[in-house]
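Data block below; observations after.
The values are calculated or read from the model by the stated rules, or taken from the named source; none is laboratory data. Note that the coordinates shown come from a computational prediction; the quantities given were computed from them, not determined experimentally. Note that each Cβ is placed from the backbone with ideal geometry, even for glycine, and that neighbours are counted across all protein chains shown.
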Amino acid sequence: MITKIADLLNELRIAEAERINDQQINHTTTIGDMYEGLTTSVLERAIPKQANLRIVSGFAESNSGVRSGQIDCMLVSGSGKQLPYSKASVWNIRDVIAVIEVKKTLFSAQVETAYDQLRQFLDLHWNDFQDSPPGELDIGPALQAYSLITGLEPPPHSEAGKLPFHLEMLYRTLVVEQVSPVRIIFGYGGFKSEASLREGFVDFLASHAKQQGFGGSALPALIVCGQFSLVKLDGFPFTCPMQSNRWLIYGSSHQNPLYFLLELIWTRLSHRFTMPDWFMSDLTLGKLSPVLSGQAVQRGGLSGWEYWTHSPKLALPGEEPEPAGWQPVAISEFGLHVFTQLCARESLPEVPEYTGATEQEKEEFQNLIDARIMGYSADKLVLLTNCAMCVVAPDGNTYIGENDTGRLSAWLEKTFLS
C-alpha cells in the first residue's frame, strides 16, 4: 500500500515540476516559492487527516524565545502564530515533527547551505530539550533501533555510560534521532546519477573533516536529488546490522524517493499518533546500496566520528531488482526449542544446546541472530523483539517473526490467504 501511495505522489511531483519548468520564470525567489509550494502540496496529500497536522513554512521557536532560521517546509502539530502580512508562521519547536529544506537544484553548494540550516535547527531543538526536559520519556523506539543495529540488548538510559564508547555514542545518537524532528534535504534536480550524489556527499563530509557538527546525530535522515536518495539507517525505520563495530549510516537508492520520505515521516508519526493498520503491517522493504559507515572513537584525548566509504556496483536505472518483501524466519524443532526456552527463562547460556550442535542448527541460530529475533546481553542469549510470535503455517512449516505492528499477521494473510 505505501508503495502505491508513494508512486502516485511521485507521478504528481514529476508532472507538477515539469509544469513549473514550463513557466520559464527566472526570478530566483519566485522559483523557490513554486518548488516549496509543490513540496507542500505533495506532503499535504500524504499526512493522515485525523491527526491535526499541517505543512507550513516559517520559523520554529524554543521555549526561551530563540527562533530558528526560516524553514522551507515544516510538518507541525498543535497551533502556531501567523506573522503579520506574511504566509510564514512561528511554531513551538516541540510541535515540529519534520523539517524539509527544498532545492530546485542540488549540488555541493546547496548541500552545504541546507545542511547548515538543518544542523542549526537541530542545535536549537536539542538545547531547548535539555533546558526544559519533558519529564519521563519513552525511548522504546530508540532502544529497539539499538537492538536492530547492534544485535545487543540495550541497557536502561541511566546505564548507557557503562557501554564501550562506540556503543554509548551510538545509543545516545539514536535517542537524539528519536526525540528530534526528521530532517530532510529535498532537491528536484542537480546531481545526474546515484553515483554522483554519493560522491558529492562524501566529498562534502571530507571537506569538513575534524570539524564539529558532522557527527552521527547531525546527519540528515534523507537527502533526495531527483530520483536518487541517500537514506539514513538509524532504525526509524531503515536499518542494517552493524559490521566490525561500524554502523552503516547511509544507503543510496534510485527507488522512488517518496517511498523513503513517507516511511520516515509516518514512522515518526507512529510514535505520537495511531496510524492505519495497513501502514504498521506493511511488508515493503527498501532496496539500498551501502554508502557510509561510521564509528565513534577516542584518540589522544579527543573524541569524534570516523567514517568509511563503500563502493558497491550500482544497478543502472531500470535494472534495479524489485524491493524484497519482509518475511519471518523459518525454523526447525531446534529453533522452536530455543525460542520456547527464551520465552520461559528470559536468558540462556551460550552452549551448543541453544547455539547449535550441527552445521544446520548453527546456520539456523545465525538466521535468528541476523533477523534480530534474539541477540546478546553480555554472555547470555536474550530475545530482542517486542512481540515475537511463533506460528505453524498452512504449508506445514514453523515461522518466527516480530508482530508488534502486525507484520507477521499481514505476511501470513498475504502468503496463504490472498
Practice prompt. Could you tell me whether E112 is without any contact (Cβ under 8 Å) to a residue 24 or more places away in the chain, within 24 Å of the chain's Cα centre (by Cα), surrounded by fewer than 21 Cβ atoms within 10 Å (Cβ to Cβ) and assigned by TED's automatic domain parsing to the domain that holds D203?
Written response: no
Worksheet item: Does at least one position in segment 109-120 carry a residue that is part of a strand (DSSP E or B) and closer than 24 Å to G215 by Cβ?
Response: no
Item to complete: Go through (1) modelled with pLDDT of 95 or more; (2) closer than 27 Å to I14 by Cα; (3) not small (G, A, S) one by one and return the number of the condition F186 breaks.
Response: (1)
Worksheet item: Does segment 397-412 include one or more residues that are under 23 Å from the mean Cα position of the chain (by Cα), part of a strand (DSSP E or B), small (G, A, S) and within 30 Å of S253 (Cα to Cα)?
Response: yes
Worksheet entry | Of all residues making up segment 206-225, the number that are touching a residue at least 40 places away in the same chain (Cβ under 8 Å) and either outside the structural domain of P141 (by TED's automatic domain parsing) or more than 15 Å from L118 (Cβ to Cβ) (or both) | 2
Worksheet item: Has segment 362-371 got at least one residue that is in the same structural domain as V338 (by TED's automatic domain parsing), in a loop (DSSP other than H, G, I, E, B) and of a type outside the set (G, A, S)?
Response: no
Worksheet item: If we keep just the residues of segment 192-210 that are at pLDDT 95 or above and not in a helix (DSSP H, G or I), which is farthest from M169 (Cα to Cα)?
Response: S207
Item to complete: Output yes when any residue across segment 339-355 is surrounded by 15 or more Cβ atoms within 10 Å (Cβ to Cβ), out of contact with any His (no Cβ under 6 Å at 6 or more places or on another chain) and over 29 Å from P164 (Cα atoms), and no when none is.
Response: yes
Worksheet item: Of all residues in segment 382-396, which are within 27 Å of the chain's Cα centre (by Cα) and without any contact (Cβ under 8 Å) to a residue 60 or more places away in the chain?
Response: L383, T385, C387, A388, M389
Worksheet item: Looking at H166, is it more than 20 Å from S77 (Cα to Cα) and assigned to a helix (DSSP H, G or I)?
Response: yes
Item to complete: Please find, among D128, D123, the residue that is crowded, with 16+ Cβ neighbours inside 10 Å, assigned by TED's automatic domain parsing to the domain that holds D234 and closer than 17 Å to V179 by Cβ.
Response: D128
Discussion item. Take G65 and tell me if it is modelled with pLDDT of 70 or more, surrounded by fewer than 14 Cβ atoms within 10 Å (Cβ to Cβ) and more than 28 Å from the chain's Cα centre (by Cα).
Written reply: yes
Response to the item:
Across segment 342-361, the tally of residues that are more than 33 Å from the chain's Cα centre (by Cα) and either outside the structural domain of M374 (by TED's automatic domain parsing) or among the polar types (S, T, N, Q) (or both) stands at 2
Discussion item. Please verify whether V99 is outside any helix (DSSP H, G or I) and among the aliphatic types (A, V, I, L, M), treating the condition exactly as stated.
Written reply: yes
Worksheet item: Just to be sure, is F228 free of Cβ contacts under 8 Å to residues at least 40 places away in the same chain and either of a type in the set (S, T, N, Q) or touching a Leu at 6+ places or on another chain (Cβ under 8 Å) (or both)?
Response: yes
Response to the item:
The residue from P154, P133 that alone is without any contact (Cβ under 8 Å) to a residue 24 or more places away in the chain and surrounded by 22 or more Cβ atoms within 10 Å (Cβ to Cβ) is P154
